[in-house]
Amino acid sequence: MHRGKGMKFVGDSRVKAKEHRMKNIPKDYSEYPGKTEAFWPNFLLREWMVGAVFLIGYLCLTVAHPAPLERMADPTDSGYIPLPDWYFLFLYQLLKYQYAAGDFTVIGAVVIPGIAFGALLLAPWLDTGPERRPVKRPIATGIMLLAVVSVIFLTWESVDEHDWEAAAQQGAIVDTDQWDVDETAEAYAIYQNQASCIQCHGGDMLGGAGAPPLFESEYTKEEVLKIIVEGSENGMMPGGLFDGTDEELEILAAFIANDGQTPGDEGDE
């Protein structure tokens, strides 16, 4: 008779089963030399050290090159063109293209970024190979390279196409305290009746809605008269908006030419 033939094993609840379960110990990675490492402390400690180096470098950069400040935000300034921070410039540039702006804004603002970031999120599931070398992981490497190249290209295009001189001018901090406007002057009352002027230059004549303060440039009375009647040479200010009398126009032009003060006999000459 073969050994064990016809034998049956019956369990007994009074006898404690011998513990054969494996304890919660990490897997032995010795069979994968050079391809794996323990998460704690090896991998995590190295990540912390790299993060600390970048953080210290970033703090030194902020101290050496403080963020530039612009004038106080004016919600009535429709001529101001905002520029996002550098890490959003690639999205800002994307919205300039034909099929990502205008009627297709949803595509540029939601669909394309959603596909891009969704692909990055799905990368671990799309490529589950154990290899760590980039050439052995074509899907993850391809997605990452495409994302990096796209961000760099769009950021460069945004910086290259932006008019930095105009941006510096429109955001320049203007010291309005340098003009002590005589609000009791007749010319100031005349200005208050000109809705088209107030709409751009503000009720205090110190600028707004994209227009500079009326006293920023050193125009003569004759030059101010010409601009009010004919408009500015750059086309930013149209002419023929003043609806007062010629006498009122003369008074207002002299007031502007004298930086908000009622001119004396010398200013009228």
_Segment T245-T262, length gained on full extension (0.36 nm per residue, minus Cα span)_ = 4.3 nm
*Using R₀ = 25 Å, calculate the FRET efficiency as 1/(1 + (r/R₀)^6) where r is the Cβ-Cβ separation of A73 and V148; round to 0.05.*
0.15
_Efficiency of FRET between F117 and M236 - r from beta-carbon atoms, R0 51 angstrom, step 0.05_ = 0.80
*What is the sum of charges around L241, taking Lys and Arg as +1, Asp and Glu as -1, for the other residues whose C-beta is under 14 Å from the C-beta of L241?*
-2
*Along the positive direction of the dipole of the stretch 84-161 (beta-carbon charges: Lys, Arg +1; Asp, Glu -1; about the Cα centre), which of W156, W125, G108 reaches farthest?*
W125
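Read-outs throughout are calculated quantities, based only on the coordinates presented, and are distinct from any laboratory measurement. Keep in mind that what you see is a predicted model, and the values were worked out from it rather than measured. Here the Cβ is made from the backbone with ideal geometry for all residues, glycine too, and neighbour counts use every protein chain on show.
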